[in-house]
Amino acid sequence: MKLHVVLVEPEIPQNTGNIARTCAAIGAKLHLVHPLGFSISEKAVKRAGLDYWDKLDIEEHSSFKEFLNVYKPEENHMFFVTTKGKHVYSEPNFKEMEEIFVLFGKETKGLPEDMLQKYIHQTIRIPMRPTLRSLNLSNSVSIVVYDICRQKEFEGLEEISTYFD
(Lines give C-alpha, C1' and ligand atoms only; values in the text may rest on other atoms or scores of the structure.)
Protein backbone atom coordinates (compact mmCIF):
# COMPACT_ATOMS: atom_id res chain seq x y z
CA MET A 1 0.00 0.00 0.00
CA LYS A 2 1.12 3.53 -0.74
CA LEU A 3 -0.52 6.04 1.57
CA HIS A 4 -0.21 9.79 0.99
CA VAL A 5 -1.06 12.39 3.63
CA VAL A 6 -1.57 15.80 2.04
CA LEU A 7 -1.54 18.95 4.19
CA VAL A 8 -2.91 21.91 2.27
CA GLU A 9 -1.47 25.15 3.65
CA PRO A 10 -0.85 23.98 7.23
CA GLU A 11 -0.43 26.83 9.70
CA ILE A 12 0.81 25.37 12.98
CA PRO A 13 4.35 23.92 13.02
CA GLN A 14 3.73 21.57 15.95
CA ASN A 15 0.80 19.94 14.13
CA THR A 16 2.92 19.38 11.04
CA GLY A 17 5.74 17.95 13.15
CA ASN A 18 3.36 15.53 14.88
CA ILE A 19 1.86 14.52 11.53
CA ALA A 20 5.35 14.00 10.09
CA ARG A 21 6.10 11.65 12.98
CA THR A 22 2.89 9.69 12.34
CA CYS A 23 3.71 9.46 8.61
CA ALA A 24 7.21 8.18 9.37
CA ALA A 25 5.82 5.59 11.81
CA ILE A 26 3.40 4.10 9.27
CA GLY A 27 5.45 4.68 6.10
CA ALA A 28 3.09 7.26 4.59
CA LYS A 29 4.37 9.94 2.24
CA LEU A 30 3.78 13.48 3.50
CA HIS A 31 2.87 16.18 0.99
CA LEU A 32 3.15 19.80 2.12
CA VAL A 33 1.22 22.25 -0.04
CA HIS A 34 2.42 25.87 0.14
CA PRO A 35 2.03 28.48 1.37
CA LEU A 36 2.93 27.14 4.80
CA GLY A 37 2.26 29.17 7.92
CA PHE A 38 5.84 28.55 9.07
CA SER A 39 9.28 27.63 7.79
CA ILE A 40 9.88 23.91 7.46
CA SER A 41 13.16 24.44 9.30
CA GLU A 42 11.42 25.96 12.33
CA LYS A 43 12.45 24.48 15.63
CA ALA A 44 8.84 23.63 16.57
CA VAL A 45 8.41 21.45 13.47
CA LYS A 46 11.69 19.66 13.94
CA ARG A 47 11.20 19.16 17.68
CA ALA A 48 7.79 17.50 17.22
CA GLY A 49 9.18 14.97 14.75
CA LEU A 50 12.91 15.33 15.32
CA ASP A 51 14.05 11.75 15.62
CA TYR A 52 11.82 10.74 12.70
CA TRP A 53 12.57 13.52 10.20
CA ASP A 54 15.26 11.50 8.36
CA LYS A 55 12.85 8.56 8.00
CA LEU A 56 10.17 10.70 6.37
CA ASP A 57 9.22 10.61 2.69
CA ILE A 58 8.21 14.22 2.03
CA GLU A 59 7.21 16.14 -1.08
CA GLU A 60 6.53 19.87 -1.24
CA HIS A 61 4.19 21.57 -3.70
CA SER A 62 4.19 25.29 -4.54
CA SER A 63 0.37 25.46 -4.53
CA PHE A 64 -2.77 23.36 -4.29
CA LYS A 65 -3.29 23.82 -8.02
CA GLU A 66 0.18 22.43 -8.71
CA PHE A 67 -0.49 19.44 -6.44
CA LEU A 68 -3.77 18.71 -8.27
CA ASN A 69 -2.00 18.96 -11.64
CA VAL A 70 0.49 16.29 -10.55
CA TYR A 71 -1.95 14.06 -8.64
CA LYS A 72 -5.37 14.26 -10.27
CA PRO A 73 -8.40 13.35 -8.11
CA GLU A 74 -10.05 11.71 -11.14
CA GLU A 75 -7.10 9.33 -11.55
CA ASN A 76 -6.37 8.52 -7.91
CA HIS A 77 -8.16 7.26 -4.81
CA MET A 78 -8.34 10.70 -3.20
CA PHE A 79 -10.31 11.58 -0.09
CA PHE A 80 -10.95 15.10 1.18
CA VAL A 81 -11.25 15.21 4.97
CA THR A 82 -13.67 17.85 6.20
CA THR A 83 -16.20 18.40 8.97
CA LYS A 84 -18.74 18.70 6.12
CA GLY A 85 -17.88 15.30 4.63
CA LYS A 86 -20.55 13.21 2.95
CA HIS A 87 -19.18 9.94 4.35
CA VAL A 88 -17.76 8.84 7.69
CA TYR A 89 -14.00 8.17 7.40
CA SER A 90 -14.51 4.43 8.05
CA GLU A 91 -17.06 3.94 5.23
CA PRO A 92 -14.77 3.69 2.17
CA ASN A 93 -13.39 0.22 1.52
CA PHE A 94 -9.67 1.02 1.50
CA LYS A 95 -8.71 -2.68 1.52
CA GLU A 96 -8.62 -3.04 -2.28
CA MET A 97 -6.94 0.32 -2.98
CA GLU A 98 -3.21 0.23 -3.73
CA GLU A 99 -2.58 3.97 -3.49
CA ILE A 100 -4.61 6.31 -1.29
CA PHE A 101 -4.45 10.08 -0.83
CA VAL A 102 -6.04 11.77 2.19
CA LEU A 103 -6.16 15.55 2.07
CA PHE A 104 -6.47 17.87 5.06
CA GLY A 105 -6.91 21.63 4.97
CA LYS A 106 -5.39 24.38 7.05
CA GLU A 107 -6.28 24.54 10.72
CA THR A 108 -8.36 27.75 10.51
CA LYS A 109 -10.33 27.17 7.30
CA GLY A 110 -10.05 23.57 6.15
CA LEU A 111 -9.97 22.69 2.47
CA PRO A 112 -11.21 25.11 -0.22
CA GLU A 113 -15.00 25.04 -0.44
CA ASP A 114 -15.02 24.78 -4.25
CA MET A 115 -12.91 21.59 -4.08
CA LEU A 116 -15.23 20.08 -1.48
CA GLN A 117 -18.24 20.78 -3.69
CA LYS A 118 -16.53 19.46 -6.81
CA TYR A 119 -15.50 16.20 -5.12
CA ILE A 120 -18.38 15.93 -2.62
CA HIS A 121 -18.62 12.13 -3.03
CA GLN A 122 -14.95 11.83 -2.05
CA THR A 123 -15.35 13.80 1.18
CA ILE A 124 -15.02 12.06 4.53
CA ARG A 125 -15.54 13.25 8.10
CA ILE A 126 -14.84 12.19 11.66
CA PRO A 127 -18.13 12.03 13.61
CA MET A 128 -18.35 14.39 16.56
CA ARG A 129 -20.89 16.40 18.52
CA PRO A 130 -22.58 19.00 16.30
CA THR A 131 -21.86 21.89 18.67
CA LEU A 132 -18.08 21.59 18.29
CA ARG A 133 -16.03 23.04 15.43
CA SER A 134 -13.39 20.35 14.80
CA LEU A 135 -10.65 18.18 16.22
CA ASN A 136 -6.98 19.09 16.24
CA LEU A 137 -5.41 18.52 12.81
CA SER A 138 -2.75 16.07 13.97
CA ASN A 139 -5.36 14.05 15.88
CA SER A 140 -7.61 13.99 12.80
CA VAL A 141 -4.78 12.73 10.61
CA SER A 142 -3.97 9.97 13.10
CA ILE A 143 -7.58 8.80 13.34
CA VAL A 144 -8.05 8.57 9.57
CA VAL A 145 -4.69 7.07 8.59
CA TYR A 146 -4.70 4.47 11.32
CA ASP A 147 -8.16 3.34 10.26
CA ILE A 148 -6.85 2.96 6.71
CA CYS A 149 -3.95 0.90 8.11
CA ARG A 150 -6.41 -1.19 10.14
CA GLN A 151 -8.50 -1.92 7.05
CA LYS A 152 -5.28 -2.94 5.26
CA GLU A 153 -4.54 -5.25 8.22
CA PHE A 154 -1.55 -3.09 9.23
CA GLU A 155 0.29 -4.24 6.13
CA GLY A 156 4.03 -3.66 6.49
CA LEU A 157 3.77 -2.59 10.14
CA GLU A 158 4.99 -4.44 13.20
CA GLU A 159 2.38 -6.99 14.18
CA ILE A 160 3.58 -8.58 17.40
CA SER A 161 5.28 -6.89 20.30
CA THR A 162 8.11 -8.89 21.83
CA TYR A 163 8.52 -6.43 24.69
CA PHE A 164 7.02 -8.76 27.32
CA ASP A 165 8.28 -12.04 25.84
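Computed quantities for the displayed model
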{"read-out": "Answer residue from the stretch 111-133, given it is outside any helix (DSSP H, G or I) and at pLDDT 95 or above and is surrounded by the fewest Cβ atoms within 10 Å (Cβ to Cβ) among those", "value": "127"}
{"read-out": "Residues of the stretch 134-152 classified as outside any helix (DSSP H, G or I) and either within 16 Å of residue 6 (Cα to Cα) or without any contact (Cβ under 8 Å) to a residue 40 or more places away in the chain (or both), total", "value": "2"}
{"read-out": "Residues of the stretch 134-165 satisfying the condition of being among the small types (Gly, Ala, Ser), at pLDDT below 95 and either surrounded by 15 or more Cβ atoms within 10 Å (Cβ to Cβ) or touching a helix residue (DSSP H, G or I) at 6+ places or on another chain (Cβ under 9 Å) (or both)", "value": "134, 156"}
{"read-out": "Failed criterion for residue 23 (all others in (1) in contact with a Phe, Trp or Tyr (Cβ under 8 Å, 6 or more places away or on another chain); (2) surrounded by 20 or more Cβ atoms within 10 Å (Cβ to Cβ) hold)", "value": "(1)"}
{"read-out": "Yes/no for residue 6 being β-branched (Val, Ile, Thr), outside any helix (DSSP H, G or I) and either modelled with pLDDT of 95 or more or surrounded by 21 or more Cβ atoms within 10 Å (Cβ to Cβ) (or both)", "value": "yes"}
{"read-out": "Filter pass, residue 91 being within 14 Å of residue 5 (Cβ to Cβ) and among the acidic types (Asp, Glu)", "value": "no"}
{"read-out": "Checking residue 97 against (1) surrounded by 20 or more Cβ atoms within 10 Å (Cβ to Cβ); (2) more than 15 Å from the chain's Cα centre (by Cα), the condition it does not meet", "value": "(1)"}
{"read-out": "Selection status of residue 108, out of contact with any helix residue (DSSP H, G or I) (no Cβ under 8 Å at 6 or more places or on another chain), part of a loop (DSSP other than H, G, I, E, B), surrounded by 13 or more Cβ atoms within 10 Å (Cβ to Cβ) and touching a residue at least 12 places away in the same chain (Cβ under 8 Å)", "value": "no"}
{"read-out": "Filtered residues of the stretch 56-75 (kept if in a loop (DSSP other than H, G, I, E, B), loosely packed, with under 13 Cβ neighbours inside 10 Å and either polar (S, T, N, Q) or touching a strand residue (DSSP E or B) at 6+ places or on another chain (Cβ under 7 Å) (or both))", "value": "62"}
{"read-out": "Residues of the stretch 76-95 satisfying the condition of being closer than 25 Å to residue 107 by Cβ and in a loop (DSSP other than H, G, I, E, B)", "value": "76, 82, 83, 84, 85, 86, 89, 90, 91, 92"}
{"read-out": "Which listed residue is under 29 Å from residue 153 (Cβ atoms), touching a Phe, Trp or Tyr at 6+ places or on another chain (Cβ under 8 Å), of a type in the set (Phe, Trp, Tyr) and modelled with pLDDT of 95 or more, from 79, 104, 94", "value": "79"}
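The values are calculated or read from the model by the stated rules, or taken from the named source; none is laboratory data. Fair warning: this is a prediction, and the values are worked out from it, not measured in the lab. Note that we place each Cβ from the backbone using ideal geometry, even for glycine, and neighbour counts take in every protein chain shown.
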